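The structure under discussion appears below in the form of structure tokens.
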Amino acid sequence: MDIIYSIKLNKEKEEYLYKQLYNEIKKLILDNMLKAEVKLPPIRKLSQALNVNNVTVVNAYKLLEQNGYVYKKVGSGTFVKGLDIKENKKNLTNNSNIINFADASPTPDLFPVEEFKLVLNDVLDRDKGNAFGYQEIQGYSDLRNSIKNYINKYGINTKKDSIQIVSGAQQGIDIISKTLIDYGDIVFTESPTYTGAIAAFKSRSARIIEVPILNDGIDIKTLENKLLNFRPKFIYVMPNFQNPTGYSYSNYKKEKLLELANKYNTLIIEDDYLSELSFTSKKNTTLKTLDRNDKVIYIKSFSKIFMPGLRLGFAIIPDSLSRDVLSAKHTSDISTSGLIQRAFNLYLKKNKWEKHLIEMEAIYKKRYRTMQECIEKYLPNEIKYSEPKGGLNFWFSLPDGYLSEKLYLLCKDKDILFIPGSNFYVKKKYSKYFRLSIASVSNKNIEKGMKMLSEIIEKFLKDPKNKNLTEDYKTLI
Ligand SMILES: Cc1ncc(COP(=O)(O)O)c(C=O)c1O
């Protein structure tokens, strides 16, 4: 058993220490270095030996127990279980080699599962069957109150009754579309923009007018020209770390956008899917913070920094629309899961959210830096991009005449994934742009992936078959 004391944990690594410890002990068990019925060291002794907190060892042991590697004997300690070693070895080596710059969601190893389990259990003990009834359509009252207090810290002053809980920001976009868009109505979006929003607007048969986004926000001149000619139901924007470009609006442009919405009497939908994740400055004020005339419908997602599968988000709805939105929410799914709302409320109230945010910020900041270094080190100079100030996305451009959809096929063959630009436009089939996300790629794989991607790009740019193509190109192969 002394071998356990020689385990080395790396505090610099982004993986939680308890997870590292869990993996190390699991490996010893699978390698038969810790045999069935061996007793694991007492918690305090191991934590002292490894120079970690007691909680780290407690959590590692808990996870080992949950996953069937050890068992507890009351009063005597924790013991290794007999295992079907072969089966488990097989699972361990089944890892995929794909480097996924396409996925913009965090990976399950970053989810605070243990912490969330505790609040879920607390809710079940406290509320029992009530946690499983239909929740109010507008959302669990105490959660709306907690959210009101939380966003107040970001300078958003709103009433608890203006908050509508939704089953993810996508549903927020969808029910607002249902509320506001009639057949053939016009809506404005940034160009490029979030694919899920395009799909929601199309599903309501809206006519979408795209306004280019520049690296300091929407192109105000074009926007005003279009507003002179069209009356949109709303303008859909992501003012901080836009998806897919990563661009953020300057304060001037935020104010200007609000001014234009007032002047032309249109609403704005602000999709705040990520404003917490700033790496360079704290200038990521939301539009809602600056909104003095109740022109902004604010939608907040928790997916990118928390757990996308919870399906939880909220919207701030102007009074004049609240009844219609409530009705649209009701026809969508009656209400968002009461159990999840109650558990998340407790998570907020116990200040676990703030702690989680700090951890995620640290992890993503490191990845962001690695990405910047790799761009400097490996990427050919012909590839252009504008450095994002936060968030998870990097938006690159190939030289004119090259199409990212072609590059995508070559990279996919080598197990590197990204999203070609055409996905983010209403009609384009091809584009010279492409998006890389650091959300689900470890530092090590960012380095490996960017090196490989750069080599592929160098070859790609040299091949005459890839040159002088236009966006109406017919076949990729
Ligand atoms: C800009 C943007 N808005 C909304 C969503 C959807 O978020 P949710 O998971 O909260 O529905 C996404 C997800 O990718 C997104 O990128």
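The values are calculated or read from the model by the stated rules, or taken from the named source; none is laboratory data. This structure is a prediction, so every number in the text was calculated from the model and none was measured. Glycine gets a Cβ as well: all are built from the backbone with ideal geometry, and neighbour counts include every protein chain shown. Ligands, DNA and RNA are stripped out before the accessible areas are found, and what is left, the full protein with its side chains, is counted by its heavy atoms. Shrake-Rupley method; radii C 1.70, N 1.55, O 1.52, S 1.80 Å.
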Starting from residues that are part of a loop (DSSP other than H, G, I, E, B) and of a type in the set (G, A, S), keep the ones in segment 320-343 and report whichever is most open to solvent (accessible area, probe 1.4 Å). S337
Taking the stated definitions as given, is V187 in contact with a strand residue (DSSP E or B) (Cβ under 7 Å, 6 or more places away or on another chain) and within 30 Å of A343 (Cβ to Cβ)? no
Of residues in segment 257-275 being more than 16 Å from the ligand (Cβ to nearest atom) and among the hydroxyl-bearing types (S, T, Y), the one farthest from K178 (Cα to Cα): Y264
So if I check each of K226, K202, which one is within 16 Å of the ligand (Cβ to nearest atom) and of a type in the set (D, E, K, R)? K202
What helices (runs of 4 or more DSSP H) completely inside segment 1-66 contain at least 3 residues that are more than 23 Å from S442 (Cα to Cα) and not aliphatic (A, V, I, L, M)? 43-50, 54-66
Going by the structure shown, is K428 outside any loop (DSSP other than H, G, I, E, B) and out of contact with any Cys (no Cβ under 7 Å at 6 or more places or on another chain)? no
Conditions (1) in contact with a helix residue (DSSP H, G or I) (Cβ under 9 Å, 6 or more places away or on another chain); (2) within 20 Å of S177 (Cα to Cα); (3) not charged (D, E, K, R): number failed by S278: (2)
Residue that is nearest to E190 (Cα to Cα) [pool: residues in segment 406-421 that are open to solvent by less than 20 Å² (accessible area, probe 1.4 Å) and of a type outside the set (V, I, T)]: G421
Pairs under 7 Å by beta carbon, first residue on the phi > 0 side of the Ramachandran plot in segment 56-79, partner assigned to a strand (DSSP E or B), six or more apart or different chains? G77/K39
Pairs, first touching a residue at least 12 places away in the same chain (Cβ under 8 Å) and more than 15 Å from the ligand (Cβ to nearest atom) in segment 104-126, second open to solvent by 20 Å² or more (accessible area, probe 1.4 Å) and not charged (D, E, K, R), C-beta under 6 Å, six or more apart: E114/N59; V119/L346; D122/L346
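Table: residues versus (1) closer than 20 Å to Y194 by Cα; (2) without any contact (Cβ under 8 Å) to a residue 60 or more places away in the chain; (3) of a type in the set (D, E, K, R).
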{"site": "F394", "(1), (2), (3)": "yes, no, no"}
{"site": "D400", "(1), (2), (3)": "no, yes, yes"}
{"site": "K406", "(1), (2), (3)": "no, no, yes"}
{"site": "D415", "(1), (2), (3)": "no, no, yes"}
{"site": "F418", "(1), (2), (3)": "yes, no, no"}
{"site": "S440", "(1), (2), (3)": "yes, no, no"}
{"site": "M450", "(1), (2), (3)": "no, no, no"}
When you check G313 against the structure, is it closer than 19 Å to Y134 by Cα, within 11 Å of the ligand (Cβ to nearest atom) and not polar (S, T, N, Q), yes or no? yes
